[in-house]
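Read the structure below first, then the notes.
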Amino acid sequence: MIKINILSPGRFHVCDLARELDKNGFDVKFYSFVPSKRVQKFGLPSKCNASIIAFIAPFLFLEKKLFPQMKWVSRLRINIQDYITGWYMRKCDILIAMSGDFVFSVKKAKQQGATIILERGSKHILEQRKVLENIPSLSGKKPVPDINVKCELIGYELADYIAIATEHVKRSFELHNYPLGKLFINPYGVDLSMFKPLPNIEKKYDFIMVGGWSYRKGCDLIINAIKNTNYTFLHVGGIVDIEMPKDKQFTHIDPVDQSKLITYYNQSKAFILPSREEGLAMVQAQAIACNLPLVGSKDSGAEDLKKMVEYPQYITIIEDYTVKSLLTAMEEAMQNYKTLQGKIYAGNTINNLTWEAYGKRYADFLHKIVQR
């Protein structure tokens, strides 16, 4: 049986990956600081979890409680976790690690003969840095520290493959002449038991957006677009770097448990996310599963999701990052909502969006590279 070690600084989507690869017959160990009881809530069997929380807890306390604003403390915890994981983990055939967080562990596994796959959730680090440095609230700052860039680039060199979720991320690697044969594109999944249309729910809001309220996610455009209409808007998530308008058109709700999101999706007519920089925002798949027409961007992963549904016309991509373009897309989304009339626009292809499908695509990829 093929032994796979999966390394993560927290839960992230790779916890779902670990669960699905276990289901597909691989011998999986998931190394993170997440306690076994928590990962079991997400379906990962205890036999697959190898938590290092006992070793890393003091450093997490420093990072999260005592010095939450200090980037060097966060980097210290990442480095220590990397070394502890490298010493603690077993020898494996395939190592899957979140990019930028593990260097020592990756080098050790490679020396032991493992095939290395990095999980990269966003654009190539140099493209991501370029986007983030153009954010007004980050002007004059270093949103991506040099050490982060260095660790990412080292990882890119060490990796046999890099797993990414979308075509626009692929294009960002292509810009930097990264070998395309080393990229594996696999869009993330969604739990269809948790996200689905609910009958007889009053539509209180025209549009909803879920996630961090930030310039990076295009929230400045949302504000100006909504103010130019009579639409009502709901945001669920944390406030990052843009103030939420105190206006009757806007409703804000602090982050909630994922299990509660279904109610808010179903109280809304359409979903909006004009993100300037993202790998694949999984909230979009959640919205699709709840049958909300979607407004996304070329940098949110919406283009890839559009290829995965039966009726792609219900997903609208903004032409550019302007209020005018967003307003045009919003009008189209409202028209799409009116024409739905109970039709599930993901159609028979909705199973493409599941974690099971994500895991099967990953399993097929792993079998191919092992055979090579």
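The values are calculated or read from the model by the stated rules, or taken from the named source; none is laboratory data. All values reported here derive from a predicted model rather than from experimental measurement. Reconstructed Cβ throughout: ideal geometry from the backbone, glycine too, with neighbour counts over all protein chains shown.
Of note:
- Number of residues in the stretch 134-159 that are under 22 Å from the mean Cα position of the chain (by Cα) and among the acidic types (Asp, Glu): the value is 1.
- Some residue of the stretch 47-67 being small (Gly, Ala, Ser), modelled with pLDDT under 95 and not in a loop (DSSP other than H, G, I, E, B): yes
- Considering residues of the stretch 4-42 that are over 22 Å from residue 286 (Cα atoms) and polar (S, T, N, Q) only, the residue nearest to the chain's Cα centre (by Cα): 8
- Lone unmet requirement of (1) among the hydrophobic types (A, V, I, L, M, F, W, C); (2) assigned to a loop (DSSP other than H, G, I, E, B); (3) farther than 18 Å from residue 8 by Cα; (4) at pLDDT 95 or above for residue 102: (3)
- Within the stretch 148-162, residues that are within 11 Å of residue 102 (Cβ to Cβ) reach no partner that is part of a helix (DSSP H, G or I) and at pLDDT below 95 with beta carbons closer than 8 Å at six or more positions or on different chains.
- For the stretch 328-365, taking the residues that are among the hydroxyl-bearing types (Ser, Thr, Tyr) and in contact with a strand residue (DSSP E or B) (Cβ under 7 Å, 6 or more places away or on another chain), the one that is farthest from residue 195 (Cα to Cα) is identified as 337.
- Of all residues making up the stretch 74-100, the number that are farther than 20 Å from residue 363 by Cβ and either over 16 Å from the mean Cα position of the chain (by Cα) or without any contact (Cβ under 8 Å) to a residue 24 or more places away in the chain (or both): 18
- Going through (1) part of a loop (DSSP other than H, G, I, E, B); (2) in contact (Cβ under 8 Å) with a residue 12 or more places away in the chain; (3) more than 30 Å from residue 215 (Cβ to Cβ); (4) not aliphatic (A, V, I, L, M) one by one, residue 193 falls short only on (2).
- One residue from 110, 142 being surrounded by fewer than 19 Cβ atoms within 10 Å (Cβ to Cβ) and assigned to a loop (DSSP other than H, G, I, E, B): 142
- Check on residue 336, over 27 Å from residue 132 (Cβ atoms), surrounded by 17 or more Cβ atoms within 10 Å (Cβ to Cβ) and outside the structural domain of residue 128 (by TED's automatic domain parsing): yes
- When residue 186 is tested against (1) polar (S, T, N, Q); (2) surrounded by 14 or more Cβ atoms within 10 Å (Cβ to Cβ); (3) over 25 Å from residue 347 (Cα atoms), just one condition goes unmet, and that condition is (3).
- Identity of the residue in the stretch 348-370, among the hydroxyl-bearing types (Ser, Thr, Tyr) and over 18 Å from residue 3 (Cβ atoms), that ends up surrounded by the most Cβ atoms within 10 Å (Cβ to Cβ): 358
- Residue list for the stretch 196-242, restricted to those being of a type in the set (A, V, I, L, M, F, W, C), out of contact with any Asp or Glu (no Cβ under 9 Å at 6 or more places or on another chain), touching a residue at least 60 places away in the same chain (Cβ under 8 Å) and more than 15 Å from residue 283 (Cα to Cα): 198, 201, 221, 222, 225
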